[in-house]
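Rule-based calculations on the coordinates, nothing more; no lab input. Model, not experiment: these values are computed from the prediction. All Cβ positions, even for glycine, are placed from backbone atoms using ideal geometry, and neighbour counts span all protein chains on display.
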Amino acid sequence: DAGVIQSPRHEVTEMGQEVTLRCKPISGHDYLFWYRQTMMRGLELLIYFNNNVPIDDSGMPEDRFSAKMPNASFSTLKIQPSEPRDSAVYFCASSFLFGQPQHFGDGTRLSIL
Amino acid sequence: AQTVTQSQPEMSVQEAETVTLSCTYDTSESDYYLFWYKQPPSRQMILVIRQEAYKQQNATENRFSVNFQKAAKSFSLKISDSQLGDAAMYFCAYLPGGNNDMRFGAGTRLTVKP
């Protein structure tokens, strides 16, 4: 079975541009998570969905960040407008049930110039 | 707020030897889950082992085992017969029983010497 699939793997763009990160969770997993990893702050949960519904977005840093999950097999994390401090690795993860391990994608390394 | 502390930023071990990575956490809850994840240079986050707080028995996965001390809020990872492929960042993670806000420690970078 395929794991969590994220795209793109790398993204380099200029400040002010819109950035869209994509994620396909493991089929059958009801929970989807977006994380950000930086050297300064480590791994931080941004938002998570249960059955396509956003449950907790308290980790979303600013209104420039938004996430959607239009169906069970697809989610996006959008940054508009992007800023250099948004540079990080963004991970998507999914899990089958609450308390079960989260399976991570390979991450998107985002660089905002 | 729950916090996870990994007090060893870096550790090294000789190939075939045993190493223990430390993790402590702070919580007032009785129901929670603990995990160790491995992040090699490829950047993937790979689950190593999982422990449920209500289980007294320490989890084991092949060469990986934990020492879960609930009263002390300690969750250390022991890697036996270390292999070169074990070299990675290791993250300890805490998941409360009431929500999905998983908290990660800062990580321990493990080097395996041939």
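A few points about this structure:
- Within 10 Å of each Cβ in A:93-103, the average number of Cβ atoms from other chains: 4
- Calculated FRET value between A:Arg41 and B:Glu52, using beta carbons and R₀ = 25 Å, to 0.05: 0.35
- Dipole moment magnitude, nearest 20 debye, the protein assembly as shown about Cα centre, only Lys, Arg, Asp, Glu C-beta charged: 280
- Calculated FRET value between B:Thr111 and A:Asn52, using beta carbons and R₀ = 35 Å, to 0.05: 0.25
- The fewest-to-most ranking of A:Phe65, A:Phe33 by surrounding Cβ atoms within 10 Å reads A:Phe65, A:Phe33.
- Averaged over B:37-46, number of beta-carbon atoms from partner chains that fall within 10 Å: 4
- Relative packing of peptides A:11-23, A:35-47 - highest average C-beta neighbours within 10 Å first: A:35-47, A:11-23
- Arranged from fewest to most other beta-carbon atoms within 10 Å of their beta carbon, A:Asp63, B:Asp86, A:Asp57 become A:Asp63, A:Asp57, B:Asp86.
- Restricting attention to the protein assembly as shown, lysine pairs at least eight places apart or on different chains and with alpha-carbon atoms under 21 angstrom apart total 11.
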